[in-house]
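Since the structure comes first, as structure tokens, the remarks are kept for the end.
The values are calculated or read from the model by the stated rules, or taken from the named source; none is laboratory data. Keep in mind that what you see is a predicted model, and the values were worked out from it rather than measured. Positions of Cβ are backbone-derived with ideal geometry, glycine not excepted, and every protein chain shown enters the neighbour counts. The area values use the complete protein model at the heavy-atom level, side chains included, leaving out ligands, DNA and RNA. Shrake-Rupley method; radii C 1.70, N 1.55, O 1.52, S 1.80 Å.
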Amino acid sequence: MPRLRLLLPLLLLLLPRPGAPGPGDDASPPDGAQEPLQGLREQLRAAAALSRRYWALLRCRVWPEDCERAEEARAGPRGWSLALLGQQYLDILTSWYCSFQACCDSGDCRISNNFTGLESDLSVQLHGQHLARELVLTTVRGYLELPRPDKALALSFHGWSGTGKNFVARLLAENLYRDGLRSDCVKTFIATLHFPHLKYVDLYKEKLTSQIKETQKRCRQTLFIFDEAEKLHPGLLEALRPHLERQAPENHRVESPKTIFLFLSNLGGNTINEAVLRLLQAGGAREEIRLEQLVSRLRAEIAESADTAFGHSCLVKENLIDFLIPFLPLEYRHVRLCARDAFLSRGLPYTEEALDQIAKMMVYIPKEEQLFSSQGCKSVSQRINYFLP
């Protein structure tokens, strides 16, 4: 962006000023010769004004959501008209910028909603999580395709560390927004990082509410991610209630803003792991596990947890969370796939032996069966450094 801002004035200095004589015009000098310095100042002022106008026009064309004065930019100052040569320059600059940045003709250009890409990423990059893959894709796509949703979509991811909760949140951001997690329509909060001190809870509540409202005002589609949700203070959870409750129809606009809340938590991991372990011990396959087999037990563990406010909050008790999504424990074969992905993401060659060695570095439980990686795939990407030349 800074390069584009610098380039525009340089190019526009070469443009003919509207109303100025062209190369073939027979123009006579005005009465009374002006001093050279005064004439130079006038030309610089004219060039600056024209540069600002072309910048406004380009901004309106590439980022229509930021063009608050589109009509004024198109009309320009009194007496100005867009010369044919200037229009050609504008077309060239627009094409040049859009050759490496996402542009759109209408709507919010920050939003991409690439459901095909999301489906592909979840299928190829998310390992051992058939329930999460199906639920996330179905619920998110169904919600965002609603013309006027009456509430925000709230999804709560549960499972052990390293099973893919943060990874899926990142895939969602990358496929729903042009700039992924860096988009100004996406906000991520980590409980221990953003809300660390109990004595400042009232300040945190005020700031959190303000950030949510400001983001929703800025974007017609927003994503809020709360990591370590089980460590959120009860007051903060209560502050989220108005944003998750169902809204009355009369409060809807023609195009209601769409909001997704993601809560990431380790709560319920033991219940999920026990269910998978029993199934595998009975000779079944993890892909046979269905959501209804886990949700009731998962909800019970969350509600009975004594050391967290999440299970006793209005979010759970009043069913403001639409879906509890379990993330299953990862096995040896899944860790190997994570190691392979780590090599590929860095453009490095790998061998099957290297994948096995990395997978064997992890700690597996239970002690007897050695079935599940205690850390999931966490730290796998760092372990490939041991196998680099």
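Numerical summary
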| quantity | calculated |
| --- | --- |
| Length added when fully stretched, ALA248-GLU134, from 0.36 nm per residue minus Cα-Cα | 38.0 nm |
| Residue pairs, from the table LYS231/LYS258; LYS199/LYS231; LYS187/LYS258; LYS205/LYS258; LYS199/LYS317; LYS165/LYS207, whose Cα atoms sit over 24 Å apart | LYS231/LYS258; LYS199/LYS317; LYS165/LYS207 |
| Probe 1.4 Å, all protein chains present, accessible-area order of HIS130, HIS233, largest first | HIS233, HIS130 |
| Where labels lie 7 Å past Cα in the beta-carbon direction, separation of SER210 and ASN113 in nm | 3.2 |
| Segment GLN281-LEU193, length gained on full extension (0.36 nm per residue, minus Cα span) | 27.7 nm |
| Simple spin-label estimate for TYR200 and SER123 in nanometres, 7 Å along Cα-Cβ | 4.6 |
| Those residues of region 323-345 whose amide nitrogen sits under 12 Å from the label point placed on GLU352, 7 Å along Cα→Cβ | none |
| Percent carbon-and-sulfur accessible area, region 232-389, ignoring ligands, DNA and RNA, probe 1.4 Å | 53 |
| Packing-based ranking, highest mean first, of 278-287, 135-144, 329-338 given that Cβ atoms within 10 Å are counted | 329-338, 135-144, 278-287 |
| Virtual spin-label span in nm between ARG218 and ASN270, 7 Å along Cα→Cβ | 4.1 |
| Sequence-distant residues sharing a close amide H with THR259 (under 5 Å, placed H) | LEU153, THR222 |
| Long-range HN-HN contacts of THR188 with modeled amide H, under 5 Å | ILE225 |
| Note, ³J(HN,Hα) from phi for region 374-389, Karplus 6.51, -1.76, 1.60, rounded to Hz, x at Gly and Pro | 5, 10, x, 9, 5, 6, 5, 4, 6, 6, 5, 4, 5, 10, 7, x |
| Sequence-distant residues sharing a close amide H with TYR364 (under 5 Å, placed H) | SER374 |
| Per-residue ³J(HN,Hα) for region 355-360, Karplus 6.51 cos²θ - 1.76 cosθ + 1.60, θ = phi - 60°, Hz, x for Gly and Pro | 4, 5, 5, 5, 4, 6 |
| Table column - 3J(HN,Hα) (Hz), region 134-149, Karplus curve with 6.51, -1.76, 1.60, x for Gly and Pro | 6, 5, 4, 4, 5, 6, 5, 5, x, 5, 6, 8, 5, x, 9, x |
